[in-house]
Amino acid sequence: MNRLLIWVWGTFVGLGSATMFMTTSITMALAVGGSAAACVWFATSKVAEDARRRLEAFVAAARGLPVKHEDPFFVREVQMEAVVHRENARRLVLLRAAFDGLPEGVWVTTADGTVLEHNATLKKLLRGPGELVGRHPREFVDSPELLGAIDAACHGGASPSLMVELAKTRLRVQVSPLANGSGSSAVFTRADD
């Protein structure tokens, strides 16, 4: 709230000063500055109120409760957003279950190689190097070949299938660039499978 007050006061002073330069009338400067400040204050409070009402309506719709609003188009729009949100959440749960159920270990990295996501199988294969998300593989992988393949894939190059030993387990690893060039993915399987 303090930032908003400073902004409104700045608008008041700024427009008042500009008017003062043009008219040399203090009364006119105060009137213009005050009007501008009132308009800014009203507009920001109206936007905040609209956002609060929209959020309340969305929460109600997401919970399956009736949405109370005088505009039927607003009600329909919020209800559709809630349906889309529920459907996306349902799909995300299904995708996560499928991802964690894969027999192969999988991770996805950002463009700099930091692990963005991985599945439960990978944690089992690596035998608990702690949390992987947010860490670069060089922190827990002692394989120059794999680290080089990750770097190459993050810069758009593909790599051949590698054989590495991680956590005393021989693994076959395929590292590939992501289609949109924003990182890499790696698939880990036991070499004896």
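Data for the structure
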quantity	calculated
Qualifying trypsin sites (Lys or Arg not before Pro) in region 119-184, DSSP loop, other Cβ atoms within 10 Å at most 11	127, 168
Percent accessible area from carbon and sulfur atoms, region 37-193, protein chains only, probe 1.4 Å	61 percent
Under the Karplus curve 6.51 cos²θ - 1.76 cosθ + 1.60, θ = phi - 60°, whole-Hz ³J(HN,Hα) for region 113-120, x wherever Gly or Pro sits	x, 6, 5, 9, 7, 8, 9, 5
Charge tally in the Cβ shell below 14 Å around residue 62, where Lys, Arg are +1 and Asp, Glu are -1, residue 62 excluded	0
All lysines inside 23 Å of residue 68 as judged from Cα atoms, apart from same-chain residues fewer than 8 positions distant	46
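The values are calculated or read from the model by the stated rules, or taken from the named source; none is laboratory data. What you see is a predicted model, and the numbers here were worked out from it, not measured in a lab. Backbone-built Cβ (ideal geometry, glycine too); neighbour counts: all protein chains shown. Accessible surface is based on the protein model in full, side chains and every heavy atom, while ligands, DNA and RNA are left aside. Shrake-Rupley method; radii C 1.70, N 1.55, O 1.52, S 1.80 Å.
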